[in-house]
1. How much net charge surrounds Thr126 when only the other residues with a Cβ under 14 Å from the Cβ of Thr126 are counted, with Lys and Arg +1 and Asp and Glu -1?
2. Go through the range 51-129 and name the GluC sites (Glu not before Pro) that are in a DSSP coil and have 16 or fewer other Cβ atoms within 10 Å of their Cβ.
3. Measure off 7 Å from each Cα along the Cα-to-Cβ vector at Thr269 and Asp82, then give the distance between these two points in nanometres to one decimal.
4. If I take every Cα pair under 8 Å that is 6 or more residues apart in the range 164-211, average their sequence separation and divide by the length, what percent do I get for the relative contact order?
5. Classify the range 96-192 as rounded, prolate or oblate, taking a ≥ b ≥ c as the square roots of the eigenvalues of its Cα gyration tensor: rounded when a/c is under 1.5, otherwise prolate if a/b is larger than b/c and oblate if not.
6. For Asp100, what charge total do you get from the other residues with a beta carbon under 11 Å from its beta carbon, if Lys and Arg give +1 and Asp and Glu give -1?
7. On average, how much accessible surface per residue is there in the range 138-188, in Å², for a 1.4 Å probe, leaving out ligands, DNA and RNA?
8. For Cα pairs less than 8 Å apart in space and 6+ apart in sequence, what is the mean separation divided by the residue count of the range 70-123, i.e. the relative contact order in percent?
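The values are calculated or read from the model by the stated rules, or taken from the named source; none is laboratory data. These numbers come from a predicted model, not from an experiment. Don't worry about glycine lacking a Cβ; one is built from the backbone with ideal geometry, like all the others, and counts go over all protein chains shown. Protein only, heavy atoms only, side chains kept; ligands, DNA and RNA dropped before computing areas. Shrake-Rupley method; radii C 1.70, N 1.55, O 1.52, S 1.80 Å.
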Amino acid sequence: MTDAEHPTDPLPDLRAGWVLAVPEEPKKRRRVWPWLVAAAAVVIVVVVAVVIVETVVRSNIESGIASQVRTGLELPADQPVDVSIEGPLTLQLLTGSLDDLRLSSDDVPLGPTTADVEVTLRGVSTTAPYTVGVGAATVTLDQSQVAALTDSVAQIDILELALEDPAIVVGTELSLFGFGIPVSLSLVPSAQAGELVLRPESLQVSGLAVTADGVRRQFGTIADPILQDWQICVAQYLPAGATLTAASVTDDHLVATFDIDGRMLDDATLQQNGTC
């Protein structure tokens, strides 16, 4: 049998790459989501840790400030004092200044009466010397508290007292020929040289509006105590570093505003009660 009858297939060309090439397995794609999950878990752990530290540090500092306020102002040991530090505390401690510190307490002793006090301090340094950039306090008294405060300085018998925006309305009597004549006196509060001044604005005698001159003509010198300004030295009840700047009757409360001396936190003399 000849080759022509049985043809032989040609040998493969070794240069042809497809002959000896081994099929490549598809590359496995790296999954990204496990890395994202791990990163997110780390972030969550860090955030939780920061929150816990922030909460613990904030609680300790606010509690410490409240204690120092009671001691510095000689308040009763059980006097509630609310302290609030606005904003992220950790960052503020690192910068050495508290941006916004707020304190408040109800029924704080104020001489013969009590009052609700709110204090706002901004730019409070956390290292010596301890200073305040801007400080203000608001002292609020209700009707009964104002009555106790005015009774300590009044030169007349106060029979009635009411807070009627914008004045403190006082009811009293003037004696004429042995008869008691009812007098209603409207006092408008203001701040003068650090004192609380109550100035007579209008009067009513037996329900009729009268002028100060008319009262003097009718009652003479016995009317002087109700016609003069009432001066109340509130500075003697408060730290010398607090200066009265404004006072008004708002709705049914007497509201007094004070500026806080920025050196008060570091100056013992400014922490002592003031004088008039």
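1. Taking every Cβ under 14 Å from that of Thr126, the sum is -2.
2. Numbers: sites: Glu54, Glu62, Glu74, Glu86, Glu118; in loops: Glu74, Glu86.
Sites meeting the loop and neighbour criteria: Glu74, Glu86.
3. Between Thr269 and Asp82, the simple spin-label model gives 3.6 nm.
4. Values: 82 pairs, mean separation 14.3, N = 48.
Worked out over the range 164-211, it gives 30 percent.
5. On the way: a/c = 3.85, a/b = 3.51, b/c = 1.10.
Taking the square roots of the gyration eigenvalues as a ≥ b ≥ c, the range 96-192 is prolate.
6. Values: positive: Arg102, Arg122; negative: Glu86, Asp99.
Net local charge, Asp100 excluded: 0.
7. Values: 2490 Å² over 51 residues.
I get 49 Å² per residue for the range 138-188.
8. The value is 30 percent.
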